[in-house]
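Since every read-out is calculated from the coordinates, none of them should be taken as a lab result. Everything numeric in this text was worked out from a predicted model, so none of it was measured. Note that we place each Cβ from the backbone using ideal geometry, even for glycine, and neighbour counts take in every protein chain shown.
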Amino acid sequence: IAAGTGFTKMALYRHVPSRAALVALMVDTALGAPAAPLAPAARPFPGVPAGEWRERLAGWARAMLAVLREHPWLLAAMPGHRVLGPNETDWIESALVALADTGLAGDEQLDAVFLVVGHVRNVAQQSVSSPTAYRDEPEELMSSMVAGATGEHADRYPALTAAVGSAEGARDNALAFGLDRILDGLELLIDRRREGSAT
């Protein structure tokens, strides 16, 4: 940042009080505001029609993955205790709005969002840690690695060999598969909450 702005490193702190504040500004700027329909201009965010929470949360996850892939340094900068900026807070708010009328308690809504975030971060980490040719296809990289490891020893690893062989041709399915399983579980819980409130 200092080099890009023509300042010395210490001169930056004439404009921000600390390194933590500088990192917070960087994170919030890189995240940007979530795009519509995740974050319409109106405040508070409009509610999500019944039955659409799943699609909204899935879209939110895909949008977050795109940001993390574009700015991979966020994966190291975001964990831990720090100040949340307005853009990041908007991201959290827009995810919670999707779950607001599902019957989940507030703590359950937060846990659900953090669960989705954890999955998105894991997929993003695999992507940015992969060679450039495999950035958007982590499954293909894994298949290549496994094929190299098993080599001529398929008889020793029959289950692994069969699994990799059957997955040949799959592309970038890690996000969708894991996200669908998370949302399936949430849907079961939401249905139970609604059934309980109806009795």
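If you add up the charges near residue 53, with Lys and Arg at +1 and Asp and Glu at -1, over every other residue whose beta carbon is less than 10 angstrom from its beta carbon, what do you get?
Residues near residue 53 contribute -2 overall.
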- Item | Residue order, fewest to most surrounding Cβ atoms within 10 angstrom, among 70, 93 | 70, 93
- Query: What order do you get for 153, 119 when you list them from fewest to most C-beta neighbours inside 10 Å?
  - Reply: 153, 119
